[in-house]
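J.: This is the structure I have questions about; it appears just below.
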Amino acid sequence: GILGLQLLYGRDDRFRYDESAEILRGLAEAYLALDLPYAAAVEASRGVNMVEDDARLWALLGVARYRLADMGGAAEALDRALALDPARADVHWGLALVATAANQLEEARGHGARALSLSPEPRFAIGLAQWAAAAGDFAAAARALDVFLELAPDDPRAAGYESLASFYREVGRAPASSVDERVTRAQINFDLKRGDEIPYVPVRFNGGAEG
């Protein structure tokens, strides 16, 4: 913003001074931190027009476009960043978010796992757990939550995630029995007393993801 330009140049008339990719990168990062994706996209676009092989600028442009709900533009920019630097965790994470928006959970899980392996951050582990659970892979979701708890044991949500991981581990166990494929309806009885909360119990038949 104006204050940043004053600090950089001594005045706010930025157009009288030579720009550099580093300055544009910094401005894009600052605008994203301020939740101003349009301004971030403008600065990142100017940057990639100046230096076409800057993976960080392409990544920032991809994130900004994602926040603007321009999924096609986000994927294009992030793919360019990935081609320039395949080892950027933020690029894989951005591609995972874009894939999630398109309901491509397997692709999202692949990029999420890659991001977590490159940079063990709690937010990557949580995202990976959510996508695994949405795909019906509860054992993988439990493992991802375990990673989160290792990375952020003091997180205020830790106790809740510990319980959720235990639940996912139980749901992810191999089936205790098989059901005839011709069965179309099943009834499960619970011994409930007055005042008991009605439980949520996911049931999978023959190892299926739905039940």
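The values are calculated or read from the model by the stated rules, or taken from the named source; none is laboratory data. Bear in mind that the values here come from a model prediction, so they are computed numbers and not experimental data. Don't worry about glycine lacking a Cβ; one is built from the backbone with ideal geometry, like all the others, and counts go over all protein chains shown. The accessibility values were calculated without ligands, DNA or RNA, using every heavy atom of the protein model including side chains. Shrake-Rupley method; radii C 1.70, N 1.55, O 1.52, S 1.80 Å.
J.: Give the number of residues within region 102-118 that are closer than 12 Å to Ala135 by Cα and over 10 Å from the mean Cα position of the chain (by Cα).
T.: Residues meeting the conditions: 5.
J.: Name every residue in region 30-64 that is basic (Lys, Arg) and farther than 18 Å from Asp85 by Cβ, in order of residue number.
T.: Arg46
J.: List, please: which pairs have Cβ atoms under 6 Å, are six or more places apart or on different chains, and start with a residue in region 63-75 that is over 13 Å from Ala28 (Cβ atoms) and end with one that is open to solvent by 50 Å² or more (accessible area, probe 1.4 Å) and assigned to a helix (DSSP H, G or I)?
T.: Qualifying pairs under 6 Å: Met71/Ala101; Gly73/Arg65; Ala74/Arg65; Ala74/Tyr66.
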